[in-house]
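All remarks here apply to the structure that follows.
Coordinate-derived values only; no laboratory data. Quick caveat: nothing in here was measured; it's all calculated off a predicted structure. Heads up, the Cβs are rebuilt from the backbone with ideal geometry, glycines too, and the neighbour counts pull from every protein chain shown.
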Amino acid sequence: MSPDLIGAIGVGLMLLMIFMGIWVGTAMLVAGFVGFIYLEGFAKAFTILGTEPYSQIASYILACVPLYILMGIVVSLTGIAGDLYNTANKWIGSIKGGLAIATTVACGAFAAICGSSDASAAAMGKVAYPEMVKFRYDQKLASACIAAGGTIGIMIPPSLGFILYGLLTEQSIGKLYMAGFLPGILQVIFYSITIYIMCRFKPTLGPAAPKTVFREKIYSLKGVWAMLLLFLFVIGGIYAGIFTPTEAGALGAFGAITISLISRRLTRSNFSQSVKDTAQITAMIVLLITGAFVFMRFLAVSRLPAMLSEFVIGLQIPRFVILICIIIFYLILGCFWDIFAAMILTLPLIFPVIQISGYDPIWFGVIMVRCMEIGLITPPFGLNVFVLSSSSNVPVKTIFGGVWPFVLSDIAHLTLLVLFPQISLLLPNMMKH
Amino acid sequence: MSKKFTPAKVSMGIIDIVSFVSLMTIVVMMMLTTADVILRYLFDRPILGSMEMTELLMVSVAGLSLAWCTLKSGHIRVDIITNMFSKKTNKTIDVINYILTGIICAFIVPALINRYIEGEKLDIRTYVLRIPEGPFVLLLTFGYFLTFLVLIVKTVKSIVEEKK
């Protein structure tokens with residue numbers, strides 16, 4: 001059997017294990033190790049198993065994972081979501097659909113500190129949903145705007161999705177963060193316009209909340225200014241080349257803990273829970289990364305990625321068609337798979353094709369994350385919908401029934417990002433380092 | 001009353017201690033990097049070798065929290081198809097999962113020990129602080145060994161529950 005055929009069998013074996021419910025990291029380790037033994041012999045495979053788990057983990061870049069996770073978890077456990085929603089509500093809640101727009105804006109702001117989509121949906125579900133119900137908002141609109149708004153979490157930095165993409169493709173995480181910033185803001189604008197149009201045509205969907213005076217608006221900033229300043233400090237530092245993403249993560253986590261301590265929101269149990277969750281998620285990523293790199297080593301000796309790239313180029317179809325196919329593939333995959341699993345499993349095969357087609361890898365990172373975001377709210381397995389349903393007791397069917405205008409908005413947004421790569425690449429190209 | 005110490009209880013006790021150390025390591029990593037940035041920009045006195053210390057601390061976090069994450073079954077799995085299976089089938093899949101992960105850990109542990117021995121022969125150290133890499137390789141090995149123990153306990157527990 002030719003090495004590339006072994007590579008294809010290895011991919012098949014790994015997918016079989018994954019669909020049978022084996023941990024993704026284990027499936028990649030087993031398939032990679034067995035495949036390597038077949039192609040290069042036991043001694044070399046054994047060496048790989050001794051080098052990859054250490055060399056991939058002893059990484060300064062990977063160290064930003066626990067730091068950003070800690071920052072996000074501290075922030076989400078200390079009730080900042082409520083303050084963000086309250087502030088956004090005071091500023092824009094009085095227009096038609098204003099509470100839903102305020103929720104989207106608050107989701108964007110929360111994403112800027114938290115970096116996790118499901119955490120954003122869960123936190124906002126507890127805070128914003130009861131408020132919208134109180135003002136007789138349509139249940140579908142109220143729940144769907146939270147589920148959709150939560151997806152912004154992995155687009156606006158800090159984002160775990162971009163860290164993983166950067167690690168697997170050896171791209172600058174700082175540049176990826178910057179690349180996600182404008183698309184994230186644009187996503188908030190797209191959602192806000194969608195809500196406004198819906199409520200304009202059918203005002204009963206989202207009645208206006210009572211108006212607030214300017215003093216109230218200013219006063220509402222009291223609970224959020226410190227965290228927003230921290231975000232600007234962290235991201236501004238990366239943009240200006242003052243900090244590395246790992247340093248920014250450490251400063252962000254330290255700042256979030258300090259602010260929460262000063263505002264007396266961080267209890268001992270909150271802090272202990274934050275660090276425990278951080279350790280658990282870090283270990284989960286460690287197994288995934290180790291599995292991914294062992295599997296990538298196997299794929300490299302099988303030459304399957306190179307063969308696939310040559311095959312795609314040999315088809316002589318316009319590169320735009322290849323891109324559209326990849327986007328459709330990720331949109332479908334996002335409906336069924338966890339973003340991290342999908343990224344780690346597909347990038348070793350897809351990324352060489354993107355590179356050989358001449359697309360910018362930073363821009364593609366944004367497109368990929370955007371595609372996976374859409375999967376978070378689409379049936380049958382939209383993660384955010386299930387998270388929101390469990391945190392707010394809204395039936396899954398109701399939320400899925402309301403997400404379609406947001407999915408359409410997502411498609412329009414994605415199309416814009418594909419047609420105008422400058423939106424994603426403007427900030428990375430302006431970065432000092 | 002005399003407390004009965006079973007191997008499973010001892011393993012779990014060790015994991016509790018190890019996971020606590022891992023939590024502390026995350027905090028140390030954060031403090032070290034923050035202090036480095038503050039000292040560099042405010043006092044022009046960066047901490048020498050902070051980058052490699054962070055790398056070594058990352059290995060420590062990984063090694064020390066892996067068993068704990070496995071104990072909590074915190075690893076990513078795709079359950080689209082398995083959700084359709086019966087509870088009993090899912091239990092069987094869990095056992096297969098634990099055994100497969102256990103086998104791979106059983107290969108990783110000696111492979112890492114091998115790397116440690118080779119590293120000691122070559123006296124591999126970090127570039128700036130000249131910290132030997134060996135102890136950290138051993139720490140990661142210990143993490144995988146603990147994970148292996150956790151998986152044995154989980155496998156036995158699942159089989160016993162299934163029989164009941």
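Based on the Cβ-Cβ distance of B:Ser73 and A:Ala300, what FRET efficiency does E = 1/(1 + (r/R0)^6) give at R0 = 25 Å, to the nearest 0.05? For R0 = 25 Å, the calculated efficiency reads 0.20. Under the simplified labelling scheme, the A:Leu228-A:Ile185 pair shows an inter-label distance of 1.3 nm, with each label point 7 Å from Cα along Cα→Cβ.
Of A:Met155, B:Met31, the sequence from fewest to most neighbouring Cβ atoms within 10 angstrom is B:Met31, A:Met155.
For chain B, adding -39500 (n - 2.57) for each run of n ≥ 4 DSSP H residues and dividing by the number of residues yields -27500 deg cm²/dmol at 222 nm.
Across chain A, the mean sequence separation of Cα contacts (distance under 8 Å, 6 or more residues apart), normalised by length, yields a relative contact order of 26 percent. Exposed loop positions in chain A were taken to be trypsin sites (Lys or Arg not before Pro) whose DSSP state is not H, G, I, E or B and which have at most 14 other beta-carbon atoms within 10 angstrom. Between these positions, the longest stretch is A:265-431. To make sure I understand the rule: partners must be lysines, Cα under 30 Å from the Cα of A:Lys175, and not fewer than 8 residues away in the same chain. Which ones qualify? Straight-distance partners of A:Lys175: A:Lys276, A:Lys432.
Nearest 10 degrees, 0 to 90: what angle lies between the long axis of helix B:7-42 and the longest principal axis of chain B (Cα atoms)? With both axes taken from Cα atoms, the answer is about 30 degrees. Taking the number of Cβ atoms within 10 Å of each Cβ as an exposure proxy, the fewest-first ranking of A:Thr278, B:Thr34, B:Thr141 is B:Thr34, B:Thr141, A:Thr278. In order along region A:269-277, phi translates into HN-Hα couplings of 5, 4, 5, 4, 5, 4, 5, 4, 4 Hz, rounded to whole numbers, per the Karplus curve 6.51 cos²θ - 1.76 cosθ + 1.60 with θ = phi - 60° and x for Gly and Pro.
Give, as ranges by residue number, the residues of region A:341-371 whose backbone N falls under 20 Å from the point 7 Å along Cα→Cβ of A:Gln316. Within reach of a label on A:Gln316: A:356-358. Annotation: the residues B:Glu52, B:Glu118, A:Glu170, sorted from fewest to most other C-beta atoms within 10 Å of their own C-beta, follow the order A:Glu170, B:Glu118, B:Glu52. Take every Cα pair under 8 Å whose residues are at least 6 apart in sequence, average their separation, divide by the length of region A:334-433, and the relative contact order is 29 percent.
Rounded to the nearest 10 degrees, the angle from helix A:160-169 to the longest Cα principal axis of chain A is 20 degrees. Taking a straight line from the alpha carbon of B:Lys91, these lysines sit under 24 Å away, with near neighbours fewer than eight places off in the same chain left out: B:Lys9, B:Lys72, B:Lys154, B:Lys157, B:Lys163, B:Lys164. Fully extending the segment from A:Ile95 to A:Gln273 would add 60.2 nm, taking 0.36 nm per residue of separation and subtracting the current Cα-Cα distance. Once the Cα atoms of helix B:87-122 and of chain B are each reduced to a long axis, what angle between those two axes, in degrees from 0 to 90 to the nearest 10, is obtained? Computed tilt is about 30 degrees.
Counted over all Cα-Cα pairs of region A:334-420, pairs farther apart than 22 Å make up 35 percent. Each Lys or Arg adds one and each Asp or Glu takes one away; over the other residues whose Cβ falls under 12 Å from the Cβ of A:Leu176, this sums to -1.
Listed by chain and number, the lysines whose alpha-carbon sits under 25 Å from that of A:Lys217, ignoring those within fewer than 8 places in the same chain, are A:Lys90, A:Lys96, A:Lys126, A:Lys134. Fraction of C-alpha pairs exceeding 20 angstrom in region B:4-155: 60 percent, rounded to a whole number. For chain A, the mean residue ellipticity at 222 nm estimated from helices alone is -26000 deg cm²/dmol, where every DSSP H run of n ≥ 4 contributes -39500 (n - 2.57) and the total is divided by all residues, rounded to the nearest 500. Let a ≥ b ≥ c be the square roots of the eigenvalues of the Cα gyration tensor of region A:215-349; is it rounded (a/c under 1.5), or, if not, prolate (a/b larger than b/c) or oblate? It comes out prolate by the Cα gyration axes. In terms of its C-alpha gyration tensor, region A:182-295 comes out prolate, because a/c is 1.5 or above and the ratio a/b outweighs b/c. Is the shape of region A:275-318 rounded, prolate or oblate, going by the alpha carbon gyration tensor and its root eigenvalues a ≥ b ≥ c, with a/c under 1.5 for rounded and a/b larger than b/c for prolate? Verdict is oblate for region A:275-318. On full extension, the segment bounded by A:Lys134 and A:Ile37 gains 28.7 nm, given 0.36 nm per residue less the C-alpha separation. Taking every alpha-carbon pair under 8 Å whose residues sit at least 6 apart, chain B reaches a relative contact order of 31 percent.
From largest to smallest, the equivalent ellipsoid semi-axes obtained for the protein assembly as shown from the alpha-carbon gyration tensor read 38, 28, 26 Å.
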